[in-house]
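Q: Got a structure for you, questions after.
The values are calculated or read from the model by the stated rules, or taken from the named source; none is laboratory data. Here the structure is a predicted model, which is why all the values come from computation and not from measurement. Cβ sites come from the backbone with ideal geometry, for glycine too, and all protein chains shown count toward neighbours.
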Ligand code: GLY
């Protein structure tokens with residue numbers, strides 16, 4: 001077995017969603033483990049995962065426990081009212097992918113966020129009840145457990161129930177997050193019993209979520225039925241009626257997570273295993289790696305003007321393809337083979353001019369026939385046997401739609417904004433899309449989430465993923481390039497600042513202090 005497993009969480013400061021000056025690189029000290037590892041966005045959730053591993057649970061058992069714990073202690077993105085994607089690689093190298101992405105309700109239709117003139121109605125797809133897709137997380141966890149779990153389900157949900165009922169201490173970030181969203185919480189949560197809505201939370205305050213503890217208990221005792229039927233479903237539908245939402249009992253009953261075939265590619269000595277549609281992550285990541293593989297990035301140097309220029313040019317072309325060709329494969333024929341054809345990708349790079357950035361208007365998607373949130377979260381787990389799980393999960397924006405189901409205690413996502421709500425109109429991350437990602441009943445909205453696992457010499461090498469909306473793909477790409485081309489340690493690769501280009505808008509975003517001033521001046 002590998003002597004050293006690197007598991008890490010990319011802690012990314014959003015590059016594309018915030019003005020670059022709002023970004024700061026975090027210099028985080030990493031941990032190296034020689035047998036097993038749990039990495040999540042919250043220490044209490046990580047502790048829950050570690051305890052499961054100590055009890056003899058495997059990586060999937062630990063992941064399920066972490067997912068539920070994050071819904072309690074990290075409600076800004078951890079969730080049971082959202083969705084996500086899992087990449088799995090077992091100790092023998094077998095791989096799998098689980099899609100528990102939210103889906104559009106049956107009553108959804110392509111123009112539901114437009115007014116009678118065909119213009120986008122501000123905030124309708126991002127705030128409030130109508131922004132929510134049918135949640136996928138609980139069914140996803142049940143499916144993961146059925147296929148790969150080894151411990152009793154009840155034991156995996158119980159730690160989250162304990163945290164919610166006994167209470168836990170708020171971190172600075174979480175206290176600030178609750179305070180900052182106070183006005184929206186007031187606007188979209190209208191029942192009387194909402195003591196949690198205040199702008200006076202402080203780091204170190206103790207918080208309990210008794211209503212969420214009750215919902216988790218129903219999930220513990222009834223698995224899928226504890227969420228998609230019975231009391232939880234009734235509370236969710238009552239919430240929909242209060243806020244003119246459209247999710248129905250039928251939607252909940254019909255939602256099912258899907259097992260999918262991972263996107264697998266070879267980048268030099270590394271086998272890359274990542275998420276297929278309805279995430280764009282795996283295809284876009286492999287396109288970027290294939291586009292770069294013939295260029296001497298190591299020789300050009302880390303964040304040298306030439307490296308940045310070529311990587312940014314590749315990103316433009318990949319995001320142009322994403323906007324046209326990627327969507328839910330159950331509704332749209334995704335030309336995956338063509339998009340991953342090396343000859344096609346290398347031809348696309350032939351139009352790169354050494355001395356000049358290609359204007360986005362002169363780049364379009366490739367021709368063959370056949371978008372997101374900072375407040376997403378990622379966790380990576382490797383157990384002592386060498387089974388590895390890479391999960392990215394989200395409510396989309398911070399606290400999703402800001403609607404917390406009254407009496408049930410969980411936030412609902414605002415994932416509907418990841419659809420192309422009007423062709424050519426940017427979503428909250430500036431991403432544009434078209435027909436492939438138009439809204440349709442039960443369709444899954446396109447994602448950028450890129451949970452990924454790398455193998456080298458048939459051994460587990462890297463478990464990687466990140467939050468960051470549209471920047472997820474380029475951040476995972478750069479972390480991989482930093483390790484494989486620039487010989488950085490995993491922690492160094494995560495700490496290194498990043499740059500991002502997503503075709504439209506025609507801008508290169510650079511994290512503050514990520515790139516040397518001279519290099520910036522020498523960019524084309
Ligand atoms: N909501 C972020 C994503 O799915 O890409």
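Q: Which members of region 443-493 meet the condition of being closer than 16 Å to residue 391 by Cβ and in a loop (DSSP other than H, G, I, E, B)?
A: Scanning region 443-493 gives 448, 449, 450, 451, 465, 466, 467, 468.
Q: Do the conditions hold for residue 446, that is, is it modelled with pLDDT of 95 or more, touching a strand residue (DSSP E or B) at 6+ places or on another chain (Cβ under 8 Å) and within 19 Å of residue 283 (Cβ to Cβ)?
A: yes
Q: With the structure loaded, tell me whether residue 5 is modelled with pLDDT under 95 and surrounded by fewer than 22 Cβ atoms within 10 Å (Cβ to Cβ) or whether it fails that test.
A: Spelling it out, it is not the case that residue 5 is modelled with pLDDT under 95 and surrounded by fewer than 22 Cβ atoms within 10 Å (Cβ to Cβ).
Q: If residue 417 passes every condition in (1) near the ligand (Cβ under 10 Å from one of its atoms); (2) in a loop (DSSP other than H, G, I, E, B); (3) closer than 24 Å to residue 98 by Cα but one, which one does it miss?
A: (2)
Q: For residue 356, are the conditions met, namely being surrounded by fewer than 18 Cβ atoms within 10 Å (Cβ to Cβ), more than 16 Å from the ligand (Cβ to nearest atom) and under 24 Å from residue 505 (Cα atoms)?
A: The answer is yes for residue 356.
Q: Then there is this: Condition first: outside any helix (DSSP H, G or I) and under 26 Å from residue 408 (Cα atoms). Can you find one or more residues in region 258-277 that meet it?
A: So far as region 258-277 goes, yes, one or more of its residues are outside any helix (DSSP H, G or I) and under 26 Å from residue 408 (Cα atoms).
Q: Are there any pairs with C-beta distances below 8 angstrom linking a residue in region 272-295 that is over 22 Å from residue 94 (Cα atoms) and away from the ligand (no atom under 12 Å from the Cβ) to a residue that is modelled with pLDDT of 95 or more and in a strand (DSSP E or B), with the two at least 6 apart or on different chains, and if so which?
A: Between residues of region 272-295 that are over 22 Å from residue 94 (Cα atoms) and away from the ligand (no atom under 12 Å from the Cβ) and residues that are modelled with pLDDT of 95 or more and in a strand (DSSP E or B), the close pairs are 289/265; 289/267; 289/272; 290/265; 290/267; 293/267.
Q: Can I ask one more? Against the definition (surrounded by fewer than 24 Cβ atoms within 10 Å (Cβ to Cβ), closer than 21 Å to residue 285 by Cβ and more than 14 Å from the ligand (Cβ to nearest atom)), how does residue 459 come out, yes or no?
A: In short, yes.
Q: For region 317-344, which residues satisfy the criterion of being within 19 Å of residue 418 (Cα to Cα) and in a helix (DSSP H, G or I)?
A: 318, 319, 320, 321, 322, 323, 324, 325
Q: If residue 384 satisfies every condition in (1) more than 13 Å from the ligand (Cβ to nearest atom); (2) in a loop (DSSP other than H, G, I, E, B); (3) in contact with a helix residue (DSSP H, G or I) (Cβ under 6 Å, 6 or more places away or on another chain) but one, which is the exception?
A: (3) is the only condition that residue 384 fails.
Q: Within region 81-108, count every residue that is within 16 Å of the ligand (Cβ to nearest atom) and either in contact with a helix residue (DSSP H, G or I) (Cβ under 7 Å, 6 or more places away or on another chain) or not in a strand (DSSP E or B) (or both).
A: 10
Q: Which condition does residue 443 not pass, out of (1) away from the ligand (no atom under 11 Å from the Cβ); (2) crowded, with 24+ Cβ neighbours inside 10 Å; (3) more than 18 Å from residue 70 (Cβ to Cβ), if it passes all the others?
A: (2)
Q: Against the condition at pLDDT below 90, more than 20 Å from the chain's Cα centre (by Cα) and in a loop (DSSP other than H, G, I, E, B), how does residue 506 come out, does it pass?
A: Answer is yes for this residue.
Q: Could you tell me which of the residues 309, 325 is crowded, with 20+ Cβ neighbours inside 10 Å, over 22 Å from residue 446 (Cβ atoms) and more than 18 Å from the chain's Cα centre (by Cα)?
A: Unique residue meeting the criteria: 309.
Q: Would you confirm whether any residue within region 427-435 is farther than 29 Å from residue 189 by Cα and assigned to a helix (DSSP H, G or I)?
A: Yes, region 427-435 contains a residue that is farther than 29 Å from residue 189 by Cα and assigned to a helix (DSSP H, G or I).
Q: Still on this structure: Given (1) under 30 Å from residue 389 (Cβ atoms); (2) over 23 Å from the mean Cα position of the chain (by Cα); (3) assigned to a helix (DSSP H, G or I), where does residue 157 come up short, assuming only one miss?
A: (2)
Q: With (1) assigned to a loop (DSSP other than H, G, I, E, B); (2) within 15 Å of the ligand (Cβ to nearest atom); (3) modelled with pLDDT of 95 or more; (4) closer than 22 Å to residue 275 by Cα as the list, and residue 391 as the residue in question, which single condition is left unmet?
A: (1)
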